[in-house]
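The values are calculated or read from the model by the stated rules, or taken from the named source; none is laboratory data. Every value quoted in this text rests on a predicted model; they were computed, and no experiment measured them. Backbone-built Cβ (ideal geometry, glycine too); neighbour counts: all protein chains shown. For accessibility, only protein heavy atoms count, side chains too; no ligands or nucleic acids. Shrake-Rupley method; radii C 1.70, N 1.55, O 1.52, S 1.80 Å.
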Amino acid sequence: MTVDANGVEARVDALLVSHPPDRVEMAVFLGAQFDTGLAWVHFREGRGGLDAPIALQQVVDERLRAAGAPNGRMINTTAYGQGAATLLAYGSDAQQRRYLRRIFTCEDIWCQLFSEPGSGSDLAGLSTIARRDGDEWVVNGQKVWTTRGNIAHYGLLLARTDPAVAKHAGLTYFVLDMHQPGVNARPLRQMDGGASFNEVFITDARVPDTERLGGVGEGWTVSNTTLMNERYNFGNAPARGSGAIEGAVRAFRRREQSFADSGRRARRAALMKLWVDAEVQRLTSMRATVAREGGRAGAEGSIGKLAGSELGQRIAAFTVGLSGADGMLVDGYDAVDRTAGSPQRSFLSSPSSTIAGGTSAIMRNIIGERVLGLPREPDPFRGVPWSDVPRN
Ligand SMILES: Cc1cc2nc3c(=O)[nH]c(=O)nc-3n(C[C@H](O)[C@H](O)[C@H](O)COP(=O)(O)OP(=O)(O)OC[C@H]3O[C@@H](n4cnc5c(N)ncnc54)[C@H](O)[C@@H]3O)c2cc1C
């Protein structure tokens, strides 16, 4: 029986009664949320879902947020967003049972081991090698920009298993145990003062073949599920007038009396344009959610990702600009005010979402080719074995 909005609301009510958020531990609450099918409502029953339309997740999230319930999305972002969706699509029964609940409770943190020093946008060109050894694979290589790599229990690993075929065809996807001796993660300092991403060195690390997601040589297809879901999450917009644009409106109201008439009018006009763009982004994100119905993420997510990340950057620049010279003042490189809502911090971190999960240039390529049907980007090495393609 399909669960509708009333059914979902009734489950939220029951969850809040049986597990009052102010009286139970975060992992206990999230475990109960998973068991009652409210983790990812569009997932199957028993896997944290109810087989319900994905749009109903927003109803759940808003009700739980209003009730002060914990939310692990910002703690375990990679796993909540794209990891769980990839496990649901390609994981074995045993993997889904072992991993999904512990992902949702944040008992296991996950990272994404895709990018390498020589392969970011050209992900399919990556060099990390996995060689078969009986029932296991032995992995060697280096990853980079791995968010939470230093604290992760598991990594979504894309590795080359056949260098003798074309680059897209020789990849396989694994779940890597990050707590084994051959895995070494080193944090990298970012320009906003944080150090949330890492370089990860992998030396003779081992993966049982049972920890493969999808077939040998099918890693590219599996990785597309990960990336498409990641892009949808980047493009997700908050409720009308909330989030970054709410901060911009508040900052303008605080300062508007300090501007001369002409400056105030110009800034008000700029703010109105940003507000309208944020609303358009919210509606676009709703359309993308509907298009994603059935759990299949498509290229439409790239539109939301492109528009949302560039809009975020413009809003951050507007907000910090309201402070004039004060906007340039922070106490030091390591001491950037990291509290939510700090305009300086938001400004410094805002370019990151135009790079993470595929750059804006790559999103434009995807939209051009897969949404608009424009001619493909030329690739002189299409079909050439990876081992014969020149590399830096
Ligand atoms: C905050 C953050 C978190 C991240 N987290 C992770 C993570 O957890 N796991 C992970 O695996 N990776 C992660 N990344 C890495 C991210 O996926 C890559 O940085 C991104 O794919 C770009 O790759 P690159 O840095 O190698 O740049 P490059 O691919 O070298 O690109 C350099 C420039 O060239 C442009 N360019 C490249 N190719 C083309 C083309 N064909 N057409 C037009 N322009 C092109 C790009 O747009 C860019 O401007 C993260 C990045 C950031 C910023």
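If you put +1 on each Lys and Arg Cβ and -1 on each Asp and Glu Cβ, how big is the dipole of segment 67-124 around its Cα centre, in Debye rounded to 20?
Dipole magnitude for segment 67-124 comes out near 300 debye.
For helix 261-291, what angle does its Cα long axis make with the longest principal axis of the chain, in degrees from 0 to 90 and rounded to 10?
Compared with the principal axis, the helix lies near 40 degrees.
Using just the Cα positions, wrap the chain in a convex hull and report its mean projected area in square nanometres, one decimal place.
22.0
7 Å from Cα along Cα→Cβ at both residue 135 and residue 364: what's the point-to-point distance in nm?
5.1
Heavy atoms only, probe 1.4 Å: what % of the accessible area of segment 75-115 goes to carbon and sulfur, would you let me know?
Ligands and nucleic acids excluded, carbon and sulfur give 49 percent.
Rounded if a/c is under 1.5, else prolate if a/b beats b/c, else oblate: with a ≥ b ≥ c from the C-alpha gyration tensor eigenvalues square-rooted, which is segment 57-163?
Judged from the Cα gyration tensor, segment 57-163 comes out prolate (a/c at least 1.5, a/b above b/c).
Which value in nm describes the separation of the simple spin-label points at residue 2 and residue 258, placed 7 Å from the Cα toward the beta carbon?
5.4
At residue 329 and residue 191, where each label point lies 7 Å from the Cα along Cα→Cβ, what is the point-to-point distance in nanometres?
Label-label distance for residue 329 and residue 191, simple model: 2.3 nm.
Pop out the carbon and sulfur fraction of the accessible area of segment 188-308 as a percent, whole number, probe 1.4 Å.
55
Specify the angular offset, from 0 to 90 degrees and rounded to the nearest 10, of the alpha carbon long axis of helix 300-321 from the longest principal axis of the alpha carbons in the chain.
40
For the chain, modelled as a GNM with alpha-carbon contacts under 10 angstrom, which of 375, 238, 163 fluctuates the most?
Comparing 375, 238, 163 in the GNM, the peak value goes to 375.
So for the chain: antiparallel DSSP bridges make up what percent, rounded to the nearest 5?
85
Antiparallel versus total DSSP beta bridges in segment 24-168: what percent is that, nearest 5?
Beta bridges within segment 24-168, antiparallel portion: roughly 55 percent.
Calculate, for residue 276 and residue 18, the FRET efficiency according to 1/(1 + (r/R0)^6) with r their C-beta to C-beta distance and R0 51 Å; round to the nearest 0.05.
Using R0 = 51 Å, I get an efficiency of 0.75.
Calculate how steeply helix 26-35 sits against the longest principal axis of the alpha-carbon atoms of the chain, using the helix alpha-carbon long axis, and give the answer as 0 to 90 degrees to the nearest 10.
Once rounded, one gets 70 degrees.
Counting only residues 5 or more places away or on other chains, whose amide H sits under 5 Å from the amide H of residue 161 once H atoms are built in the peptide plane?
Amide H neighbours of residue 161, under 5 Å, 5+ apart: 130, 171, 172.
What does the accessible area per residue of the chain come to in Å², with a 1.4 Å probe and no ligands, DNA or RNA counted?
Value returned for the chain: 49 Å² of accessible area per residue.
Using a 1.4 angstrom probe with every protein chain in place, what is the largest-first accessible-area order of 367, 355, 75?
Accessible-area ranking of 367, 355, 75, largest first: 355, 75, 367.
Highest first, please rank the peptides 198-206, 383-391 by the mean number of other Cβ atoms sitting within 10 Å of their residues.
198-206, 383-391
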